[in-house]
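Data block below; observations after.
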Amino acid sequence: MKEFLTDQLKTQEYFLNMGPQHPATHGVLRLLLKLDGEIVRNVDMDLGYIHRSIEKMCERATYKQIIHLTDRLDYLSAHMNNEAVCLLAEKALNIEVNDRIKIIRTIMDELTRISSHVLWWGVTGMDIGAITTFMYGFRERELINDIFEETCGTRLTMNYNVIGGLRYDIHENFVKRTKDILTHLKKKLPEYDKLLTNNIIFQKRLINIGVISVEDAIAYGLNGPTARGSGVSCDIRKTHPYSAYDMVDFEEAIFTEGDSFARYKVRIKEMWESISIIEQLIDKIPNDEHKVKTKAVIKLPVGDFLQRVEASRGDFGVYVKSNGQKFPERLKFRSPGFANLTALNKMAYGLKIADLVAILSTIDVVVPDIDR
Amino acid sequence: MILNIFTDIHELLLGLMPENIVHITELVLIAVAYLGIFAILGLFLVWLERRIAAFFQFRLGPNRVGPMGLFQTVADALKLVSKELTGTEKADKFLYKIAPYFVITTALMSLSLIPFSYEIHAFDINIGLFFLTSVSSVGVLGIFLAGWASNNKYSLIGGMRTGIQMISYELSVGMAIVTMVVLAGTLQISEIVEIQKDGWLIYQGHIPAIIAFMIFMIAGTAESNRTPFDLVEAESELGAGFHTEYSGMNFAYYFLAEFVNLFLISSVAVILFFGGWLSPFGITDAIPFAGLFWFIIKVLGVIFIFMWFRWTFPRFRIDQLLTLEWKFLLPINMVNIVLMALMVWLGLTL
């Protein structure tokens, strides 16, 4: 009888094209799913829909121009990406920047991180089905973007960093507004917990979903909050401090469960850490120049250079091979999202489509960052 | 169920034509009136949903077209009417076209059973509640067919989810209704409302009635495909689910029917638990048509709770949805029916 049933009532695996235009893929990522009913059997990731060959473009751009191109990678951590190129050039040219520059850069880094994480929080809620969170996330993000706008004139692609300092000095309201936003966030982040984190449906959707072990996380080269959810200590701010991160005392957010909820908690905790970092620095901005004098045409010395920063999504690296000209000979960006996405198949195997969406949003992919 | 105005119309028509033709004319008039109610209800509830969503999300919502944006949904409906009806080439044409009518017809048929007040009640039969549940369960077919006939994998997944979800949760809705019928002792809707003159059923039946109410609200949310049970059209997973391939008026049918179903579920909740058109403590019983006011107020209250759910909760996963129904709601429901029966038998009702 059983044989008869399996013979006669055969089920069939089928393919489903998720994307490139799909609400859950956050841009133009195409996932080719092999499904058994609703159960995911395989995920093929197809990239290239937003490939702009930015690295090749950088080989025809001066170092000052490269900064502008890095905005277009992970646009939610534009400031950190800019900073990576600036730090690299400053390291190569032995330019020593003063504490004012370092501290302002760090504060802006952390503000960017918060604004990126509140957006992620809203989008995650929406992917799980709670649409209201999206608006909540954007409310806080708008306030932070207002500070950016006042400081450097742009809200998303900031280009506030230049080699040897900052493009403009901070606005006179900067300190006050930053403090205001911190008090605002301290009131609102507990609200986030009430609305989403402590919701039983939300927890059931994330706990024990998309588990990835420490060994696998290291093997796949995961980084940033995604890896820290599996218990990998990989915060560049701790391991290779840059700018003012050696002046502050903060905790690296690490959870060891390795599931989607751990990754969620890491990001929530990172927001609190960012608030604490900004609080430690905001009153310590010394009076000094906002820019160190540099040559009009910047030429890096012959050699290989690497600079890593902790962007919102993880370890962002810039590698430059210079032959002494004003253009780099070779340039490579190491983007956090690319490595994180590779683990998707491992995480989602055997789970449902709904889980795949949840995993994708806790990995926090930004497609222009993956597909350069 | 006919009072002054209706009697007047009846006599006016009798003066104009023979009796059997009057009968048919009246049926047509009632049908047209209910079509009107259907459209207005749908449009108003869409507007309400958008305003309430905006209220939860500190936005303004539609506020430009007409007073407080009331005509925004009318404008949207006009736009949808004027749009082209597209469809996939390899769709099962017959089923694809017929599917929306299942949803809209059943919603309309169920609507005819709803008493808006003592006077306004089109169709009052002795198996009213049974008829209502049977008819509204046919509506699933419309969604199921849409998922199947569209020839789109997203629609198909949505359709399959509907089949699973609606059939499961219909049990809970049905059994919550049965619990209250045990207490009321009748299936006729007008009688159920009348026996609540001494106290609403949620008060008369106290503990089991409150449990039944909670189960009814949960299962009712699932029946009307709203968050946290909106797996059928889960935007972030399936795009638009079963109605991905529908456009223009065909899509609008689904959209309107969804909101009318919301109204139906809320009305049944009000009839079963909150005394239908009856005013609290009988304060306005003497005034004709006052029941309409109370009924609408109560239904809007229940609808607000449903909308509150929608804009607060995240979505279930399909297996969690089934676990909730078969492992929790259904056993609780069964025990609850026995409890209610015992209470009625022992005379413990208030």
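The values are calculated or read from the model by the stated rules, or taken from the named source; none is laboratory data. In this text, all values refer to a predicted model and were calculated from it rather than measured experimentally. Every residue, glycine among them, receives a Cβ derived from its backbone with ideal geometry; neighbour counts consider all protein chains shown.
For the stretch B:232-268, give me each residue that is over 22 Å from residue A:131 (Cβ atoms), surrounded by 24 or more Cβ atoms within 10 Å (Cβ to Cβ) and of a type in the set (Gly, Ala, Ser).
Of everything in the stretch B:232-268, just one residue is over 22 Å from residue A:131 (Cβ atoms), surrounded by 24 or more Cβ atoms within 10 Å (Cβ to Cβ) and of a type in the set (Gly, Ala, Ser), namely B:267.
Go over the candidates A:286, A:328, A:336, A:301 one by one and state the one that is of a type outside the set (A, V, I, L, M, F, W, C), touching a helix residue (DSSP H, G or I) at 6+ places or on another chain (Cβ under 7 Å) and under 26 Å from residue A:141 (Cβ atoms).
Criteria check complete, one pass: A:336.
Suppose the filter is closer than 25 Å to residue B:115 by Cα and at pLDDT 85 or above; does residue B:26 pass it? Break it down stepwise before answering.
Numbers: closer than 25 Å to residue B:115 by Cα: yes; at pLDDT 85 or above: no.
So residue B:26 does not fit the description; no.
Just the residues that are away from chain B (no Cβ under 14 Å) and free of Cβ contacts under 8 Å to residues at least 24 places away in the same chain, please, taken from the stretch A:7-29.
Passing the criteria: A:7, A:8, A:9, A:10.
Would you pick out the residues in the stretch A:32-67 that are free of Cβ contacts under 8 Å to residues at least 40 places away in the same chain and within 14 Å of chain B (Cβ to nearest Cβ)?
The answer is A:32, A:34, A:36, A:37.
Can you tell me which of B:344, B:299 is more than 14 Å from every other protein chain (Cβ to nearest Cβ), buried (at least 20 other Cβ atoms within 10 Å of the Cβ) and within 18 Å of residue B:180 (Cβ to Cβ)?
Working: B:344 fails: buried (at least 20 other Cβ atoms within 10 Å of the Cβ).
It is B:299.
Suppose we filter B:309, B:328 for residues that are at pLDDT below 90, closer than 20 Å to residue B:231 by Cβ and either assigned to a helix (DSSP H, G or I) or more than 14 Å from chain A (Cβ to nearest Cβ) (or both); which single one remains?
Going through B:309, B:328 in turn, just one is at pLDDT below 90, closer than 20 Å to residue B:231 by Cβ and either assigned to a helix (DSSP H, G or I) or more than 14 Å from chain A (Cβ to nearest Cβ) (or both): B:309.
Restricting attention to the stretch A:121-158, report how many residues are of a type in the set (S, T, N, Q) and surrounded by fewer than 23 Cβ atoms within 10 Å (Cβ to Cβ).
Total satisfying the criteria: 4.
Please specify each residue of the stretch A:148-158 satisfying the condition of being assigned to a helix (DSSP H, G or I) and either without any contact (Cβ under 8 Å) to a residue 24 or more places away in the chain or closer than 16 Å to residue A:109 by Cβ (or both).
Listed by number, the residues that qualify are A:148, A:149, A:151, A:152.
For residue A:303, are the conditions met, namely being surrounded by fewer than 17 Cβ atoms within 10 Å (Cβ to Cβ) and either within 14 Å of chain B (Cβ to nearest Cβ) or without any contact (Cβ under 8 Å) to a residue 12 or more places away in the chain (or both)?
So residue A:303 does not fit the description; no.
Any residue in the stretch B:121-135 that is more than 22 Å from residue B:254 (Cα to Cα) and small (Gly, Ala, Ser)?
Within the stretch B:121-135, one or more residues are more than 22 Å from residue B:254 (Cα to Cα) and small (Gly, Ala, Ser).
Output the residues belonging to the stretch A:336-372 that are in a loop (DSSP other than H, G, I, E, B) and under 12 Å from the mean Cα position of the chain (by Cα).
Within the stretch A:336-372, A:364, A:365, A:366 qualify.
When the residues of the stretch A:159-182 are narrowed to those that are surrounded by 19 or more Cβ atoms within 10 Å (Cβ to Cβ) and either in a helix (DSSP H, G or I) or not β-branched (Val, Ile, Thr) (or both), which ends up nearest to the other protein chains (Cβ to nearest Cβ)?
Ranking the qualifying residues of the stretch A:159-182, first place goes to A:181.
Within the stretch A:316-333, is even one residue closer than 20 Å to residue A:114 by Cα, crowded, with 19+ Cβ neighbours inside 10 Å and not β-branched (Val, Ile, Thr)?
Within the stretch A:316-333 (the criterion being closer than 20 Å to residue A:114 by Cα, crowded, with 19+ Cβ neighbours inside 10 Å and not β-branched (Val, Ile, Thr)), the answer is yes, since at least one residue qualifies.
Quick one: in the stretch A:244-278, which of the residues that are among the polar types (S, T, N, Q) and more than 18 Å from the chain's Cα centre (by Cα) is surrounded by the fewest Cβ atoms within 10 Å (Cβ to Cβ)?
Of everything passing the filter in the stretch A:244-278, A:256 is surrounded by the fewest Cβ atoms within 10 Å (Cβ to Cβ).
Answer yes or no as to whether residue A:145 is away from chain B (no Cβ under 14 Å), not hydroxyl-bearing (Ser, Thr, Tyr) and not in a helix (DSSP H, G or I).
Working: away from chain B (no Cβ under 14 Å): yes; not hydroxyl-bearing (Ser, Thr, Tyr): yes; not in a helix (DSSP H, G or I): no.
Considered against the rule, which asks whether it is away from chain B (no Cβ under 14 Å), not hydroxyl-bearing (Ser, Thr, Tyr) and not in a helix (DSSP H, G or I), residue A:145 comes out as no.
Sort out which residues of the stretch B:289-328 are over 18 Å from the mean Cα position of the chain (by Cα) and under 21 Å from residue B:195 (Cβ atoms), and write them in order of number. Even if it seems obvious, please write down each step before you answer.
Taking the stretch B:289-328 first, the residues over 18 Å from the mean Cα position of the chain (by Cα) are B:289-291, B:293, B:311-328.
Answer for the stretch B:289-328, where residues must be over 18 Å from the mean Cα position of the chain (by Cα) and under 21 Å from residue B:195 (Cβ atoms): B:290, B:291.
Restricted to the stretch B:222-231, and to residues that are within 12 Å of another protein chain (Cβ to nearest Cβ) and in a helix (DSSP H, G or I), which residue is surrounded by the most Cβ atoms within 10 Å (Cβ to Cβ)?
Of everything passing the filter in the stretch B:222-231, B:231 is surrounded by the most Cβ atoms within 10 Å (Cβ to Cβ).
Restricting to helices (runs of 4 or more DSSP H) lying wholly in the stretch A:183-280: which have 1 or more residues that are within 14 Å of another protein chain (Cβ to nearest Cβ) and not acidic (Asp, Glu)?
In the stretch A:183-280, A:200-206 are the helices (runs of 4 or more DSSP H) which contain 1 or more residues that are within 14 Å of another protein chain (Cβ to nearest Cβ) and not acidic (Asp, Glu).
Please work out if residue A:98 is surrounded by fewer than 23 Cβ atoms within 10 Å (Cβ to Cβ) and within 24 Å of residue A:170 (Cβ to Cβ).
Judged against the criteria, residue A:98 is a match.
Among the residues of the stretch A:95-131 satisfying the criterion of being among the polar types (S, T, N, Q) and away from chain B (no Cβ under 14 Å), which is farthest from residue B:316 (Cα to Cα)?
Within the stretch A:95-131, the match that is farthest from residue B:316 (Cα to Cα) is A:98.
Could you tell me how many of the residues in the stretch B:312-325 are farther than 30 Å from residue B:55 by Cβ and within 11 Å of another protein chain (Cβ to nearest Cβ)?
Qualifying residue count for the region: 3.
If you check A:333, A:316, A:327, which single one turns out to be at negative phi, assigned to a loop (DSSP other than H, G, I, E, B) and of a type in the set (Phe, Trp, Tyr)?
A:327
Filter the stretch B:233-251 for residues that are assigned to a helix (DSSP H, G or I), within 12 Å of chain A (Cβ to nearest Cβ) and closer than 25 Å to residue B:89 by Cα and give the result. Break it down stepwise before answering.
Filtering the stretch B:233-251 down to residues assigned to a helix (DSSP H, G or I) leaves B:235-238, B:241-243, B:248-251.
With the extra rule that they be within 12 Å of chain A (Cβ to nearest Cβ), the set shrinks to B:235-238, B:241.
Answer for the stretch B:233-251, where residues must be assigned to a helix (DSSP H, G or I), within 12 Å of chain A (Cβ to nearest Cβ) and closer than 25 Å to residue B:89 by Cα: B:235, B:237, B:238, B:241.
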